[in-house]
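Here's the structure, in structure tokens; my notes come after.
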């Protein structure tokens, strides 16, 4: 017989708002949705592909069957305008430095794309090393200080400045901050007016080999419609080292200088001759949104969002790979299916605040659908209490704890602890975010917009199966660790033998937490000093 922890009466009463209000999430609909969304019929739910449209049609149909109200007047669809760009093999970049000319090989030495809409991009520009490429007033750090980089090509390192003995907590110490993410660096280069930006790749700093950006840039790139850099990409460390040396600079010496506060940009004494031929197409992708209206006369004007991305990598041909469908069963048919099962439970008993169920597009392409939502929100951001995101759920079995990494940035952590206790669960311990996981899922788009948010997690991304499984912990942990071999691979396929009790548990916890927030007297707040709490809604 399974034994559950005995809860004190006070703990149960303390969380009655979450548990008593929430309906029960059941496995049967969750499993059915998961099996269908991960089926070959949906062709991996790719952005701008037929399979993605099939996924959207399925989700909106199920939303109507469940009884969710259309969030956009008469419909469930929110259009997201996306540009797809492909760099053609006729493209090239040449460098000149110290009287020497370099012609890096596209794919081998350098990768890049045009982030504007031009079919042909031609320019010549001086090159400047800008350290980490960070302008962070809160950290009193500006790698662009004193230098106008408009119309220039900026070259920079990935990640953020390392902690020191004198400043062990600068840039969150061991954890990676938003300033260390490549997306931030591209965005900051646009704000600074740079014509182009190149990130120096090393396997250690990027946490993945050169093949990752090389393969990524060889495929179609997606972005929200709007102006970006004329050129953005990565340069191999060996190529960067040769380029720096030709201009009379030592790459390692400049890296060391860039670790010191007060670093100033360095003119590399080099020029870039850029010729990019691009194929662009305009795509209208779709977020799907349904609501359960709130019941309180005043609080119903505020909302809690549950989000999950419906897309994966779609149909993608890889040389030597006979299977071209990247099903994305765990990532993220699991979250989309869980959201449908949660919505089915929620419509039976509305909360005081409105509940929004949001399936986002193009997360795999850089949180595009979620970012599109925050730029054109269905519900006023100032009246959005929280976003609770689901991505890559637990397919192994029930646990004694629940992952809430990122919730510690706001009062959502206390709410999560309250709900966990009432469910007989512990919160998994918070550990340094070395890989920047907080910035890599859809909830981050909401956090950037000022809304308390986090990804209600499992051990899928930890790679060590670190959660406390109820049954056969060692074997269960190994199953979880084994998923790293299937992450973003064609082998991430649905298995009917999966034990989905842990997935149901995560979905139930998320729904319970949503009710806790939706029925609370006031909306969640960011912790004092939290950077995202300062974002203007």
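The values are calculated or read from the model by the stated rules, or taken from the named source; none is laboratory data. These numbers were taken from a predicted model, which means no experiment stands behind them. Every residue, glycine as well, gets a Cβ built from its backbone with ideal geometry; the counts of neighbours run over all protein chains shown.
Structure summary
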read-out	value
Filter result (closer than 19 Å to residue 336 by Cα and surrounded by fewer than 24 Cβ atoms within 10 Å (Cβ to Cβ)) within the stretch 299-314	313, 314
Test: residue 84 is within 27 Å of the chain's Cα centre (by Cα) and at positive phi	no
Failed item, numbered, when residue 296 is tested on (1) outside any helix (DSSP H, G or I); (2) in contact with a helix residue (DSSP H, G or I) (Cβ under 8 Å, 6 or more places away or on another chain); (3) surrounded by fewer than 22 Cβ atoms within 10 Å (Cβ to Cβ)	(2)
Sole residue being in contact with a helix residue (DSSP H, G or I) (Cβ under 7 Å, 6 or more places away or on another chain) and either part of a strand (DSSP E or B) or over 24 Å from residue 363 (Cα atoms) (or both), chosen from 93, 80	80
The stretch 483-529 - residue that is within 29 Å of residue 137 (Cβ to Cβ) and touching a strand residue (DSSP E or B) at 6+ places or on another chain (Cβ under 7 Å) and, of those, surrounded by the fewest Cβ atoms within 10 Å (Cβ to Cβ)	525
Sole residue being under 27 Å from residue 480 (Cα atoms) and at pLDDT 95 or above, chosen from 303, 345, 329, 289	329
Within the stretch 39-60, tally of residues that are over 12 Å from residue 361 (Cα atoms) and under 20 Å from the mean Cα position of the chain (by Cα)	1
Residue 352 part of a loop (DSSP other than H, G, I, E, B) and modelled with pLDDT of 95 or more	yes
Conditions (1) touching a strand residue (DSSP E or B) at 6+ places or on another chain (Cβ under 9 Å); (2) in contact (Cβ under 8 Å) with a residue 40 or more places away in the chain; (3) outside any loop (DSSP other than H, G, I, E, B): number failed by residue 149	(3)
Subset of the stretch 91-114 (residues that are in contact with a strand residue (DSSP E or B) (Cβ under 7 Å, 6 or more places away or on another chain) and over 14 Å from residue 234 (Cα atoms))	91, 94, 95, 96, 97, 98, 101, 102, 103
Helices (runs of 4 or more DSSP H) contained in the stretch 424-537 and holding at least 1 residues modelled with pLDDT of 95 or more and more than 22 Å from the chain's Cα centre (by Cα)	501-519
Any hit, the stretch 415-426, residues being surrounded by fewer than 22 Cβ atoms within 10 Å (Cβ to Cβ), without any contact (Cβ under 8 Å) to a residue 24 or more places away in the chain, closer than 16 Å to residue 515 by Cα and touching a strand residue (DSSP E or B) at 6+ places or on another chain (Cβ under 8 Å)	yes
Candidate set from the stretch 396-407 (those that are farther than 19 Å from residue 442 by Cβ and either surrounded by fewer than 23 Cβ atoms within 10 Å (Cβ to Cβ) or not assigned by TED's automatic domain parsing to the domain that holds residue 357 (or both)); member that is nearest to the chain's Cα centre (by Cα)	401
Of all residues making up the stretch 246-274, the number that are under 22 Å from residue 112 (Cβ atoms) and exposed (fewer than 15 other Cβ atoms within 10 Å of the Cβ)	1
Scan of the stretch 135-165 for residues that are crowded, with 20+ Cβ neighbours inside 10 Å and closer than 16 Å to residue 193 by Cβ, ordered by number	143, 144, 149, 152, 153, 154, 155, 156
Matching option when the condition is in the same structural domain as residue 415 (by TED's automatic domain parsing), under 20 Å from residue 507 (Cα atoms) and part of a helix (DSSP H, G or I), among 369, 335	335
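Okay, residues lined up against (1) within 27 Å of the chain's Cα centre (by Cα); (2) within 23 Å of residue 191 (Cβ to Cβ):
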site	(1), (2)
89	no, no
97	no, no
114	yes, yes
122	no, no
143	yes, yes
147	no, yes
166	no, no
